[in-house]
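Okay, structure first, notes after.
What follows is calculated from the coordinates using simple rules that are stated; it is not laboratory data. Given the structure is predicted, the values throughout are model-derived calculations rather than measurements. Here the Cβ is made from the backbone with ideal geometry for all residues, glycine too, and neighbour counts use every protein chain on show.
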Amino acid sequence: MSVQTDIEDKLAEALAPDHLEVINESQNHNVPARAESHFKVVLVASGFEGERLIARHRRVNRILAEELKDRIHALALHTYTEAEWRTRHGDAPMSPPCRGGSNA
């Protein structure tokens with residue numbers, strides 16, 4: 001299984017996030033092709049309510065402790081409550097209405 005998939009599965013199981021993005025940024029660094037060593041995680045979870053940023057990061061680091069030992073070189077964390085996420089990014093835009101495809 002890929003490192004990215006392991007990260008996604010562990011965080012989804014442990015935190016039941018409202019939003020989760022795991023982005024492999026390894027290609028931006030001096031590593032071999034197809035490396036999985038540098039990641040950015042954007043995580044929105046109601047479980048972060050009342051928690052300071054450092055506590056959120058520590059929690060994610062504990063969840064990914066095994067990967068951080070020898071599989072992940074760098075991990076950028078962006079952790080939000082749902083309210084923080086909405087304030088920062090707003091609601092997701094609505095999809096455009098269907099025009100009937102080939103039937104139009």
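Couplings 3J(HN,Hα) for the stretch 6-13, derived from phi with the Karplus relation 6.51 cos²θ - 1.76 cosθ + 1.60 (θ = phi - 60°), are 4, 4, 4, 5, 5, 5, 4, 5 Hz, where x marks Gly and Pro.
Count Lys and Arg as plus one, Asp and Glu as minus one, and take only other residues whose Cβ is under 12 Å from that of residue 78; the net charge is then +1.
Computed over the chain, the Cα gyration tensor eigenvalues convert (square root of 5λ each) into semi-axes of 28, 22, 12 Å, ordered from largest to smallest. For a paramagnetic label modelled on residue 18 (point 7 Å from Cα along Cα→Cβ), amide N atoms under 19 Å away belong, within the stretch 24-49, to 41-49. Net charge of the neighbourhood of residue 1, taken over other residues with C-beta under 13 Å away and scored Lys/Arg +1, Asp/Glu -1, is -4. Under the simplified labelling scheme, the residue 63-residue 46 pair shows an inter-label distance of 1.5 nm, with each label point 7 Å from Cα along Cα→Cβ.
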